[in-house]
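The values are calculated or read from the model by the stated rules, or taken from the named source; none is laboratory data. Remember, it's a predicted structure, so these values are computed and weren't measured experimentally. Please note: Cβ atoms are built from the backbone with ideal geometry, for glycine as well, and neighbour counts cover all protein chains shown. These area figures cover heavy atoms from the full protein model, side chains too; ligands, DNA and RNA do not enter into them. Shrake-Rupley method; radii C 1.70, N 1.55, O 1.52, S 1.80 Å.
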Amino acid sequence: RVVRTIAFPPQGGVFVGGAPSDLLYLDPAGKVTSLPDTDGIDDRVILSIALGPEGDLWIATSGGMRRLPRAVPGPIQRVDIPGVRAMARFAQIAVVGAQLWTATDEGILVHEDGAWKLFNKQDGFLGSAMRRVIHRADGRMCASYSEAIGVSCFRYRDGRIGEFEHLRPVDGLSSGMAYFLGEDRARRLWVGTGDGIDVVTPAGIDHFDESDGVAGNDSAASAYLVDGDGSLWMGSTGGATHV
């Protein structure tokens, strides 16, 4: 089994997603429950799961968005979003207060006040097919693309986005393809690429790779964690790096 994502519900235990396509729940006593996908598609991969503002478990997959009501084992519901293909790739989820964000093949989606809003290239992004989305301490959001075209940070207010800052190779990134995005406690943006790690600071962009002690230059998707002591864990095909 490939594990791509985990979430800890209020009742205890842990949800585990990845491949095969079923969602696993390990209860506090260690009992494992398999929750199959409602469509019965075996080759679908769970890419990201998160507890939403309302307490449901949201499930982003390589073929659509799903939801588990109240985050307790039971039937998984398909989520149909107006204007977005039912089988679109939903790559990552970020929960920000009462908002739920997700990166898809067709743009960035935000769920707020019971409604979805879609933003893409027409709204100022460099492209429409997205892969990562994160929230930053200063209130901005950042997103990366499925193409090697960089990273975009922006603000969202009153149902609109703006104040874009695009980071591309021409702006100092070592590569336009970002496999993970994350922010440390000093509010620096870390970008995992296929050619090492870039750190965006007020003084410019610093670069670290295998010659600096990084476990591997080929960063792994979404493999970034800020530990409780403020240190960082980052993954690559060569192993894990602790900073």
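Annotations
- Computed from phi, the 3J(HN,Hα) profile of region 105-114 under the Karplus parametrisation 6.51, -1.76, 1.60 (θ = phi - 60°) reads 5, 10, x, 9, 10, 10, 9, 8, 6, x Hz, with x in place of Gly and Pro.
- Going through (1) 58, 42, 36; (2) 50, 39, 31; (3) 47, 42, 28, the figure that equals Cα extents along the principal axes in Å as computed for the structure here is (2).
- Size of charge dipole - region 58-128 - debye, nearest 20, with Cβ of Lys, Arg +1 and Asp, Glu -1, no other charges: 260
- Estimated dipole of region 34-89 in Debye, rounded to 20 [Cβ of Lys and Arg +1, of Asp and Glu -1, Cα centre]: 120
- Converting phi to 3J(HN,Hα) with the Karplus coefficients 6.51, -1.76 and 1.60 and the offset θ = phi - 60°, region 194-200 yields x, 9, x, 10, 9, 10, 8 Hz in sequence order, with x at every glycine or proline.
- Using C-alpha pairs under 8 Å with a sequence gap of at least 6, the mean separation divided by the residue count of the chain gives a relative contact order of 8 percent.
- Average accessible surface for region 1-101: 46 Å² per residue, computed with a 1.4 Å probe over protein heavy atoms with every protein chain in place.
- Using the Cβ-Cβ distance between residue 231 and residue 171 with R0 = 22 Å, the FRET efficiency computed as 1/(1 + (r/R0)^6) comes to roughly 0.20.
- Inter-probe distance in nm under a simple model that places probes 7 Å from Cα toward Cβ, at residue 163 and residue 136: 1.0
- Size of electric dipole in the chain: Cβ of Lys, Arg +1 and of Asp, Glu -1, about Cα centre, debye, nearest 20: 580
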